[in-house]
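These notes concern the structure reproduced below.
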Amino acid sequence: MKLSDIFFMSILLFPGNLVANQHDTKFLNDVDTTIYHIVSGGFWEHEGDHGSWRLIARNLGWEHTKSYLYIQWLKADDEKQHIIELMTISISEFNEGNWRNIIKLEYSDNSFLIQYTVRSKESIEKAILVPGIPGKYKLTY
């Protein structure tokens with residue numbers, strides 16, 4: 001048997017797409033297409049629960065999109081060994097203000113750095129969101 005025959009047989013017997021196609025079918029068609037950026041990080045503890053935070057930026061609109069921010073508290077269920085969404089809150093101070101577009105989100109030192117542009121200005125603006133226990137956060141510009 002030639003080396004080329006062995007290679008051909010290995011492709012037939014062990015197709016790479018078997019591994020690639022093993023995915024969670026519940027995930028298909030359930031992803032919000034308006035999500036522009038997500039950043040996760042940190043650790044919170046409150047009344048016996050614990051988990052992490054996630055900041056989500058969605059772009060709504062068509063030709064002229066506007067960004068909206070949401071913070072999520074994710075709860076770790078150690079017994080069932082999975083993460084659940086405990087709470088999601090719209091960041092109304094950001095969402096109800098000027099026409100803003102997210103450029104970048106990042107998590108560092110227990111806070112989220114938000115870089116964005118305001119439609120009426122040409123500069124890059126920054127805000128810091130410090131998450132707390134579920135339902136609590138502080139946003140500063």
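Each value in this text was obtained by applying a stated rule to the coordinates, not by laboratory testing. Bear in mind the structure is a predicted one, so any value in this text is a computation, not a measurement. Note: ideal-geometry Cβ built from the backbone for every residue, glycine included; neighbour counts use all protein chains shown.
Residues of segment 100-138 that are part of a strand (DSSP E or B), over 18 Å from the mean Cα position of the chain (by Cα) and either within 20 Å of W53 (Cβ to Cβ) or among the β-branched types (V, I, T) (or both): T117, V118, I124, K126, K138. Per the listing S67, S111, the residue uniquely without any contact (Cβ under 8 Å) to a residue 24 or more places away in the chain, crowded, with 17+ Cβ neighbours inside 10 Å and under 16 Å from L139 (Cβ atoms) is S111.
Being exposed (fewer than 13 other Cβ atoms within 10 Å of the Cβ) and either without any contact (Cβ under 8 Å) to a residue 60 or more places away in the chain or charged (D, E, K, R) (or both): is that true of I103 here? Before you say what the answer is, go through the steps one by one.
Details: exposed (fewer than 13 other Cβ atoms within 10 Å of the Cβ): no; either without any contact (Cβ under 8 Å) to a residue 60 or more places away in the chain or charged (D, E, K, R) (or both): yes.
No: the conditions fail for I103.
Considering (1) closer than 18 Å to S111 by Cβ; (2) in contact with a His (Cβ under 7 Å, 6 or more places away or on another chain), the lone condition that A76 does not fulfil carries the number (1).
Assess whether S123 counts as being small (G, A, S), loosely packed, with under 11 Cβ neighbours inside 10 Å and either in contact with a Leu (Cβ under 7 Å, 6 or more places away or on another chain) or within 18 Å of Y141 (Cβ to Cβ) (or both). Judged against the criteria, S123 is a match.
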